[in-house]
Amino acid sequence: MTERTFSILKPDATRRNITGKINAVIEGAGLRIVAQKRVKLTQAQAEKFYEVHKERPFYGELVSQMTAEPVVVQVLEGDNAVLKYREVMGATNPEQAAEGTIRKLFALSIGENSVHGSDSQDNAKIEIAQFFDDASIPG
Ligand code: ADP
Ligand code: MG
């Protein structure tokens with residue numbers, strides 16, 4: 001089933017100027033980038049976006065990394081896009097990520113792991129709505 005997921009190319013990726021290389025992996029996996037823009041997350045946006053992790057020890061570091069430099073926020077579309085993008089991203093810890101995944105190829109560390117992808121269809125809708133008017137994005 002065709003669906004949409006939400007992606008962020010994180011500051012470690014924009015800083016190293018590798019957003020095109022990551023997009024090539026995304027497109028190579030059959031996902032279509034139907035919307036994308038470069039934005040600098042505010043502290044409030046980053047705190048809200050990662051609210052589920054607020055009790056975790058890495059929360060403060062995560063929010064400060066995500067606001068340090070611009071990110072690229074994206075809407076990806078394709079068959080089973082949520083699950084497919086999770087597979088293309090690879091494991092959170094790049095040391096455990098499979099060959100050919102974005103995190104295996106590009107991540108610097110478990111924190112600076114180059115990409116975010118929604119973990120469920122419900123969260124994809126919530127996350128897309130934080131940055132895009134989804135209804136106006138052509139398929
Ligand atoms: P994912 O991004 O794979 O869905 P999580 O939702 O568990 O992973 O965590 C969100 C983000 O928080 C990760 O992508 C990573 O940037 C950061 N993070 C997760 N675990 C750690 C950790 N143990 N140490 C530092 N940062 C972490
Ligand atoms: Mg997650």
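The table that follows gives values for the structure above.
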{"item": "Test: residue in region 58-78 that is of a type outside the set (A, V, I, L, M, F, W, C), within 12 Å of ligand 1 (Cβ to nearest atom), touching a His at 6+ places or on another chain (Cβ under 7 Å) and free of Cβ contacts under 8 Å to residues at least 12 places away in the same chain", "result": "yes"}
{"item": "In region 1-44, the residues that are open to solvent by 30 Å² or more (accessible area, probe 1.4 Å), closer than 16 Å to Pro70 by Cα, in contact with a helix residue (DSSP H, G or I) (Cβ under 9 Å, 6 or more places away or on another chain) and not in a helix (DSSP H, G or I)", "result": "Arg16, Gln36, Lys37, Arg38, Val39, Lys40, Thr42"}
{"item": "All positions within region 71-115 that are in contact with a helix residue (DSSP H, G or I) (Cβ under 7 Å, 6 or more places away or on another chain) and among the acidic types (Asp, Glu)", "result": "Glu112"}
{"item": "Per-region count, region 55-66, residues loosely packed, with under 12 Cβ neighbours inside 10 Å and within 13 Å of ligand 2 (Cβ to nearest atom)", "result": "1"}
{"item": "Any hit, region 109-129, residues being open to solvent by less than 40 Å² (accessible area, probe 1.4 Å), at pLDDT below 95 and among the β-branched types (Val, Ile, Thr)", "result": "no"}
{"item": "Val52 being open to solvent by less than 20 Å² (accessible area, probe 1.4 Å), assigned to a helix (DSSP H, G or I) and among the hydrophobic types (A, V, I, L, M, F, W, C)", "result": "no"}
{"item": "Within region 80-139, helices (runs of 4 or more DSSP H) holding 3 or more residues that are within 9 Å of ligand 1 (Cβ to nearest atom) and more than 20 Å from Gln65 (Cα to Cα)", "result": "none"}
{"item": "Some residue of region 70-79 being open to solvent by 40 Å² or more (accessible area, probe 1.4 Å), away from ligand 2 (no atom under 14 Å from the Cβ) and out of contact with any Lys or Arg (no Cβ under 6 Å at 6 or more places or on another chain)", "result": "yes"}
{"item": "Residues satisfying the stated conditions in region 55-73, i.e. hydrophobic (A, V, I, L, M, F, W, C) and either over 15 Å from Gly117 (Cβ atoms) or assigned to a helix (DSSP H, G or I) (or both)", "result": "Phe58, Leu62, Val63, Met66, Ala68"}
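The values are calculated or read from the model by the stated rules, or taken from the named source; none is laboratory data. Predicted, not measured: the structure shown is a model, and the values here were computed from it. Because the Cβ atoms are built from the backbone with ideal geometry, glycine has one as well, and the counts that use them run over all protein chains shown. When the accessible area is computed, the model is the full protein with side chains, heavy atoms only, and any ligands, DNA or RNA have been set aside. Shrake-Rupley method; radii C 1.70, N 1.55, O 1.52, S 1.80 Å.
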